[in-house]
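The next block holds one structure in the form of structure tokens; read it before the comments.
Throughout, read-outs are computed from the coordinates displayed, never taken from laboratory work. These numbers were taken from a predicted model, which means no experiment stands behind them. Counting neighbours? That spans all protein chains shown, and the Cβs are built from the backbone with ideal geometry, glycine included.
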């Protein structure tokens, strides 16, 4: 399973765009990149998944360069409620699937 | 859909006692995962099942831990005997075995906070 590296923590202010970058140098051909969000006292929640280029949903955007060795989760105009831990995971969805979580990035949004 | 349901939400027990955590996955999901989360070690995968069959239990810390999935709608994680170092939040998650475009990602339950004193 590909190892991921992401910043331990980040600070931001309300209304700003936040970009969290994850490195996954040994990503395999069949691997997808998935991001989860975890609030205190809750289980992780799926945010977004992608394979290459750009993926956008109502919550976030995911940018993946052509070499796929990194990815960037972009949260537009964050609010206080976006304060959470964000995990980047790399793996093959489906039958082989078991997600291994790293340390994640603790995002603190300030007023 | 009620999502992944775990019980109890909180459990406090004395060292040496048996503890059983329960999980009901989302209907139609045939992969189930048990995770443990602590401040020191983060989220650790303990075991996962596909179609009720344990596939990988290499994350189970020791023989005191056991997990079963007798049918597609129920799983248990048992610790016997429990020790203070087992104190953690235990999460259950489920997913389709072969996710389609609308099924990406695992769905996690709210967790069981276990305290062993």
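When Cβ neighbours within 10 Å are restricted to other protein chains, what is their mean count per residue of peptide B:41-50? Mind showing how you got there, number by number?
Details: counts 0, 6, 12, 2, 4, 0, 1, 3, 0, 4.
Neighbouring Cβ atoms belonging to other protein chains average 3 per residue here.
Could you order the peptides B:21-29, B:80-88 from most to least packed, using the average number of other C-beta atoms within 10 Å per residue? Walk me through the numbers on the way to the answer.
On the way: B:21-29: 18.3, B:80-88: 15.4.
The peptides rank, most packed first, as B:21-29, B:80-88.
Under the Kirkwood approximation applied to all pairs of distinct alpha-carbon atoms, what is the hydrodynamic radius of chain A in Å?
On the way: mean 1/r = 0.0712 Å⁻¹.
After inverting the mean inverse Cα-Cα distance, the result is 14.0 Å.
How many nm is it between the label spots at residue B:14 and residue A:79, if each spot is 7 Å from the Cα in line with the beta carbon?
Taking the two extended label points, one gets 4.8 nm.
If contacts are Cα pairs under 8 angstrom and at least 6 residues apart, what is the relative contact order of chain A in percent?
Values: 275 pairs, mean separation 40.0, N = 111.
Reported as a whole number, the value is 36 percent.
Taking each residue of B:59-72 in turn, how many C-beta atoms of other protein chains fall within 10 Å of its C-beta, and what is the average?
Working: counts 2, 0, 0, 0, 0, 0, 0, 0, 0, 0, 0, 0, 0, 0.
That average works out to 0.
Tell me, how many Å apart are the Cα centres for segment A:12-85 and for segment B:3-22?
Answer, in whole Å: 32.
Seen from all sides and averaged, what is the projected area of the convex hull of the Cα atoms in chain B, in nm²?
Mean orientational projected area (chain B, Cα hull): 6.9 nm².
So what is the relative contact order for segment B:26-100, in percent, with contacts set as C-alpha pairs under 8 Å and at least six apart? Before the final figure, lay out each step's value.
Values: 130 pairs, mean separation 28.8, N = 75.
After rounding, I find 38 percent.
Which part of segment A:71-87 falls in the paramagnetic zone of residue A:25, meaning amide N under 15 Å from the point 7 Å along Cα-to-beta-carbon?
Label zone hits: A:71.
Expressed in nm to one decimal, what extension gain is obtained for the pair residue B:27 and residue B:52 from 0.36 nm per residue of sequence separation less their Cα-Cα distance? Don't skip to the end; give the middle numbers.
Details: separation 25, 0.36 × 25 = 9.00 nm, distance 1.30 nm.
Contour length minus the Cα-Cα distance gives 7.7 nm.
Run the simple label-point estimate for residue A:14 and residue B:62 please: 7 Å along Cα→C-beta, distance reported in nm.
Modelled inter-label distance: 4.9 nm.
Under a GNM of chain A (C-alpha, springs under 10 Å), which listed residue has the highest mean-square fluctuation: A:14, A:58, A:92?
Looking only at A:14, A:58, A:92, the biggest GNM fluctuation is shown by A:58.
Using every Cα-Cα pair within the protein assembly as shown, state what percent have a distance larger than 31 Å.
Numbers: 5835 of 25878 pairs.
In whole percent, the long-distance tail amounts to 23.
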